[in-house]
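The values are calculated or read from the model by the stated rules, or taken from the named source; none is laboratory data. Note that the structure is a prediction, hence the values are computed from the model and not measured. Note that we place each Cβ from the backbone using ideal geometry, even for glycine, and neighbour counts take in every protein chain shown.
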Amino acid sequence: MPLVGDLRDMKNFDLLKFLKRIERSGILTIDSPMGHGSVTFKRGMIVSVTVPSGSLPESQNESTIEKLKSTVRHILSWEQGKFKLEPADIRHGTEALIDPEELL
């Protein structure tokens, strides 16, 4: 069952902390007047982000990691809109990249 809500009721950063704490895997989709984006989680850790201009997959390349963090921070700055977390069995080839608390 998906978790859905409004960003006016639960801020993005609070949502990230919650997902980390419960070690949730899935795809968080955010639709806002500021844009649309998706963040993929594996056991509460961020592994990729997708925005209209394309996807930033997991990678061990430092510049890619920094770009991923920057893109997630941008999505997290949105204060209006709806979110939906669809549970999923995420099977990326490497371990998760980013602890959501690094973005706080």
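What is the number of the single condition among (1) of a type in the set (Val, Ile, Thr); (2) surrounded by fewer than 19 Cβ atoms within 10 Å (Cβ to Cβ); (3) at pLDDT 90 or above that residue 50 does not meet?
(3)
Does the stretch 55-69 contain any residue that is in a strand (DSSP E or B), at pLDDT below 85 and either more than 19 Å from residue 2 (Cβ to Cβ) or not aromatic (Phe, Trp, Tyr) (or both)?
At the first step, the residues of the stretch 55-69 found to be in a strand (DSSP E or B) are 55-56.
Add one more test, that the residue is at pLDDT below 85, and what stays is 55-56.
After this cut, where a residue has to be either more than 19 Å from residue 2 (Cβ to Cβ) or not aromatic (Phe, Trp, Tyr) (or both) as well, the list is 55-56.
Yes; the residues of the stretch 55-69 include at least one that is in a strand (DSSP E or B), at pLDDT below 85 and either more than 19 Å from residue 2 (Cβ to Cβ) or not aromatic (Phe, Trp, Tyr) (or both).
Are any residues in the stretch 19-41 modelled with pLDDT under 90 and out of contact with any strand residue (DSSP E or B) (no Cβ under 8 Å at 6 or more places or on another chain), and if so, which ones?
Answer for the stretch 19-41, where residues must be modelled with pLDDT under 90 and out of contact with any strand residue (DSSP E or B) (no Cβ under 8 Å at 6 or more places or on another chain): just 34.
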